[in-house]
Amino acid sequence: MDQYDDIAEEYYDSSRHPTCANFREISKNFLTENILYLIESAIIFDIGAGNSIVAEIKSEIKSISARVVISDKSRNMINNSRSLHAYIDAVCICDAQKDLSAMVDYFGKCDLAICNLGDPYNTKNFWLQLSRIVKDQGNVIFTTPSYEWSQSFRANHQNGNLVSAEFATKNGVKHVPSFIHSNKTQSKMMDRYGFQIQSIEKLALNRLSSNNISEKISSSIDKREGVVTAYIARRNY
Ligand SMILES: C[S@@+](CC[C@H](N)C(=O)[O-])C[C@H]1O[C@@H](n2cnc3c(N)ncnc32)[C@H](O)[C@@H]1O
């Protein structure tokens with residue numbers, strides 16, 4: 001299996017990877033709509049941050065005064081956040097499935113954890129780790145490509161491999177981990193680690209500002225269906 005370090009240099013190139021760009025724009029649109037979560041939180045953790053979507057939104061919306069701590073397993077991916085350093089209070093390189101404790105070293109546990117497009121580390125170990133760093137009654141917003149899209153796309157491409165995402169890079173085809181579950185399985189896993197689901201939102205293509213829709217998306221799903229799923233949950237001890 002390849003790792004995000006291998007694709008970091010071109011991950012945010014929307015002409016090479018329009019599917020990632022579409023997913024990210026849809027998620028960003030949703031997060032901006034749910035801005036109160038961001039505004040009312042004093043400490044926000046952005047996990048698997050890459051080019052931090054939280055720092056990006058903070059740079060655009062001045063009423064967000066939260067301290068922002070970002071983490072990622074891949075140094076190359078998190079380097080994409082360099083231009084946003086003025087909006088980031090601390091950076092950790094750590095594996096979300098093994099140890100997120102370094103994130104609390106700066107300002108303590110968080111009021112809000114954002115895991116945007118968090119399918120690469122969406123395992124029981126990750127939810128256990130997360131449960132240790134979110135305050136009681138703190139919130140989590142976790143987004144992932146939708147189960148419906150991933151099942152449809154991956155069954156017809158990638159030889160039916162359902163637990164990885166394929167990237168055609170300039171250095172050849174790379175496969176990185178990607179765990180996408182049905183709403184029921186996902187909710188059950190989150191609940192087991194103390195995250196009570198508040199809402200599940202199916203985000204469709206109408207959240208995109210342009211008609212530049214990736215062929216991988218448009219060929220695999222009806223355009224009214226959700227292509228990204230967002231889970232909002234509250235930590236209950
Ligand atoms: C699909 S990208 C999304 C990046 C970013 N959140 C965004 O919205 O632009 C997934 C991110 O998760 C990171 N990642 C993958 N496995 C991880 C792990 N085990 N622990 C922490 N981060 C991980 C990758 O390096 C990558 O930055």
So the check is Cβ under 6 Å with 6+ separation or different chains; which pairs have a first residue in the range 58-77 that's touching a residue at least 24 places away in the same chain (Cβ under 8 Å) and more than 17 Å from Cys92 (Cβ to Cβ) and a second one that's within 14 Å of the ligand (Cβ to nearest atom) and among the β-branched types (Val, Ile, Thr)? none
Look through Ala86, Ala49, Ala42 and report the one residue that is in contact (Cβ under 8 Å) with a residue 24 or more places away in the chain, within 12 Å of the ligand (Cβ to nearest atom) and among the hydrophobic types (A, V, I, L, M, F, W, C). Ala49
Could you pull out the residue among Ile53, Ile64, Ile39 that is of a type in the set (Val, Ile, Thr) and under 18 Å from the mean Cα position of the chain (by Cα)? Ile53
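For (1) among the polar types (S, T, N, Q); (2) at pLDDT 95 or above; (3) away from the ligand (no atom under 12 Å from the Cβ), each residue gets a yes or a no:
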residue	(1), (2), (3)
Met1	no, no, no
Tyr4	no, yes, no
Ile7	no, yes, no
Tyr11	no, yes, no
Pro18	no, yes, yes
Arg24	no, yes, no
Asn29	yes, yes, yes
Ile35	no, yes, yes
Leu38	no, yes, yes
For Asp222, all conditions in the list (1) buried (at least 17 other Cβ atoms within 10 Å of the Cβ); (2) assigned to a loop (DSSP other than H, G, I, E, B) hold save one; what is the number of the exception? (1)
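Looking at this structure, is Leu100 among the aliphatic types (A, V, I, L, M), surrounded by 17 or more Cβ atoms within 10 Å (Cβ to Cβ) and in contact with a strand residue (DSSP E or B) (Cβ under 8 Å, 6 or more places away or on another chain)?
Working: among the aliphatic types (A, V, I, L, M): yes; surrounded by 17 or more Cβ atoms within 10 Å (Cβ to Cβ): yes; in contact with a strand residue (DSSP E or B) (Cβ under 8 Å, 6 or more places away or on another chain): yes.
Judged against the criteria, Leu100 is a match.
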Every residue in the range 39-48 that is touching a Ser or Thr at 6+ places or on another chain (Cβ under 6 Å) and surrounded by 22 or more Cβ atoms within 10 Å (Cβ to Cβ), please. Asp46, Ile47
Please tell me if Thr123 is within 12 Å of the ligand (Cβ to nearest atom), surrounded by fewer than 17 Cβ atoms within 10 Å (Cβ to Cβ) and within 17 Å of the chain's Cα centre (by Cα). yes
So Phe179, is it in contact (Cβ under 8 Å) with a residue 40 or more places away in the chain and closer than 19 Å to Ile44 by Cβ: no
Does at least one position in the range 214-237 carry a residue that is touching a Gly at 6+ places or on another chain (Cβ under 8 Å) and modelled with pLDDT under 95? yes
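Quick grid of which residues meet (1) touching a Ser or Thr at 6+ places or on another chain (Cβ under 6 Å); (2) among the basic types (Lys, Arg); (3) under 17 Å from Leu38 (Cα atoms):
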{"residue": "Ser63", "(1), (2), (3)": "no, no, yes"}
{"residue": "Ile78", "(1), (2), (3)": "no, no, no"}
{"residue": "Ser83", "(1), (2), (3)": "no, no, no"}
{"residue": "Lys98", "(1), (2), (3)": "no, yes, no"}
{"residue": "Phe107", "(1), (2), (3)": "no, no, yes"}
{"residue": "Asn122", "(1), (2), (3)": "no, no, no"}
{"residue": "Asn125", "(1), (2), (3)": "no, no, no"}
{"residue": "Leu130", "(1), (2), (3)": "no, no, no"}
{"residue": "Val140", "(1), (2), (3)": "no, no, yes"}
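Collect the residues in the range 133-152 that are in a helix (DSSP H, G or I) and in contact (Cβ under 8 Å) with a residue 40 or more places away in the chain, keeping them in residue-number order.
If the condition is that a residue be in a helix (DSSP H, G or I) and in contact (Cβ under 8 Å) with a residue 40 or more places away in the chain, then Tyr147, Glu148, Trp149, Ser152 are the ones that fit.
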Take the conditions near the ligand (Cβ under 9 Å from one of its atoms) and under 16 Å from the mean Cα position of the chain (by Cα) and apply them to Asn76. Does it pass? no
Meets criteria (closer than 25 Å to Tyr193 by Cβ and without any contact (Cβ under 8 Å) to a residue 12 or more places away in the chain) for Leu36: yes
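The values are calculated or read from the model by the stated rules, or taken from the named source; none is laboratory data. Just so it is clear, the model here is predicted, and its values are computed rather than measured. Positions of Cβ are backbone-derived with ideal geometry, glycine not excepted, and every protein chain shown enters the neighbour counts.
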